Structures are given as C-alpha cells and as structure tokens.
Amino acid sequence: MRKAPWLLLLWLCLLAACSQKREATSEDKILKQNVLMNAPPLQEAESAGAPQAIVSEEVSQDSPAQTITATAAPAATRKLIYHAEVRVKVDDLDQANARMDSLTRTYGAYVSDASETRQDGERQHQMKIRVVPSRFQAMLGSLNGLGTLVTKTLSTDDVTAEHADVSARLGTKRALEQRYIALLGQAKKVSDILEIEEKLAQVRGDIESTEGRLKTLNDQVAYSTITLNYFQEITLNAPDAPVISFSSRLVQSFYDGWELLTGLVLALVTAWPLLLGGALGVWGLRAWRQRRRQRAAASV
C-alpha cells in the first residue's frame, strides 16, 4: 500500500515527459515545414549546384520582390549565332563528297547551298551546312578528317538584345493593330474610316517586316552555319609539240614572205604624204643649189 503513491507519482512523471517530447516533435515538424517552405538564398543554391532557372521559380513563389535579382539573364536564354568558315585540301573530291553526305546524315544537318567548279588547276566544292548548335563543335571536329586543313575561322554573334527588341516591337505593333481595328469598328465618317485603314495598312506592313526579321533571327539561332570549301589539285599535262614536215614549212615560209611583201606595200601606201613631202624637199634643195651655182658663174 505504501508503494502505491510512489507508483502514481512515477506514472505522472512519465506522462509529463511524453507530452513534452510530443510537443518538441510537433515544434520540430513545424520548424522543418517552415524551412522547406522558404526558398534557399541564391548564393547557397548556386553553390549547391541548383540550376539558376529553378532557383528563380522558387523565389518568385514566396518573395516576388526578389524575382528580378534571381532571373538576371541566365546563360541558357542567350541568343547566340555561330559561324564557321573552313577550307580543306583533299586527295579525292568524290570520296570527300561521299564523306560529307555521311556526316550531314550523322549530325542531322542539311546543306542549304552547294556548288562545284573546276578552274586554275584545281577542282573545288563549296557548301553551306546548317546544324543545331549542340552539334556544331562536334561536326567541326569531324571536318578535319576530310584532308589537310588549310584555314578555319570561327565567329559568334550575340543577338540577345536585338531579339528582345524585335520581339517587343512586334508586340507593340500587334497591340496597335488591335486598337486600329477597334477604332475602325467605331468610326462613322468615311474620312475617318479611310484614315484608319491607311494607318492600319502601314502598321500591318511594319508587322510583316518585324516578323520576317524575328523569323530570320530564330532561324540563325536555331541552326549554326558552316561554310565549307574543299578542293583537289589537278595536274595539267602540257601538250606535245606538233611535228611539222618540210613541205608544210616551205608553204608556211612562202606565206610569211607574201605577208611581208604585202605589209611593206601597204606601209608605203600609208606613208605617201611623207614620201611626197620628202620628194618636194629634195627637188627644192636641188633647185636652190642650181640657182646658186648660176649666180656664182655670172659674177665671175
């Protein structure tokens, strides 16, 4: 009977300890939930290897004011245009053509322009290859296997700002087009209708031009360009000197002599003013000398 109060006291202590443990566990769960609900700082997320785009989405859910800092132009959204110009010397142009057909199929590329010429002792093939940027470097490396690399030029154009500007202008033009359409439906006067239609036609022309430029930029960004020129040197054989017989040489000599005679006669005919002037000069000189002699004889 004396042990009953002690047992009751021990039982009450156990109940208090369990309740405190449950409260602590519930507080830990609440704390963990709050920690999970809050997005990690940008620096910690980057150091942990989290993609920048995912971090920006988490921040925008809980703290919109931090969205501008988190979404500051990730590298994946940049608009880059890659160009390459490659010139290769090959041993066999036909084998190089077959090799290029295989490479374009392997890398999922396509040829937008191709030409083949033969001049100045070489046969060359030029083509413009379009390939996705993720396979651009790999395909460039494969071109070295065609033959001896002569030149390779790489360039990159960053059109991110231009793409954003063209997209913004396109959105503005489309919004303006809708406003003009709404005004056209409300116009009552013929003069107002004609004026609005003129403005609407001008805006639609600007929209088509802007859409064309945006389409060109998207195409250049989506497919990189490789201008490839490979050539094969061709050995030119000099023609053998023809063998000329004696009779042929005799006829040729007679013909050359006739050409010389006719040329001399034509030259004399062409120079008749000089010949006439020279003859008159000689006649005048002889007449002057003769008169001089006659005067000298008369004075004696």
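Some observations on this one:
- In the condition set (1) open to solvent by 60 Å² or more (accessible area, probe 1.4 Å); (2) in contact with a Phe, Trp or Tyr (Cβ under 9 Å, 6 or more places away or on another chain); (3) farther than 16 Å from residue 156 by Cα, residue 124 is compliant with all but (1).
- Test for residue 66: is it at pLDDT 90 or above, of a type in the set (S, T, N, Q), assigned to a helix (DSSP H, G or I) and open to solvent by 60 Å² or more (accessible area, probe 1.4 Å): no
- Residue within the range 221-234 that is in a helix (DSSP H, G or I) and surrounded by 10 or more Cβ atoms within 10 Å (Cβ to Cβ) present: yes
- The range 106-162 - residue that is touching a helix residue (DSSP H, G or I) at 6+ places or on another chain (Cβ under 6 Å) and in a helix (DSSP H, G or I) and, of those, nearest to residue 231 (Cα to Cα): 146
The values are calculated or read from the model by the stated rules, or taken from the named source; none is laboratory data. Fair warning: this is a prediction, and the values are worked out from it, not measured in the lab. Cβ coordinates were reconstructed from backbone atoms using ideal geometry, including for glycine residues, and neighbour counts include every protein chain displayed. What goes into the accessible areas is simple: the full protein's heavy atoms, side chains included, and nothing from ligands, DNA or RNA. Shrake-Rupley method; radii C 1.70, N 1.55, O 1.52, S 1.80 Å.
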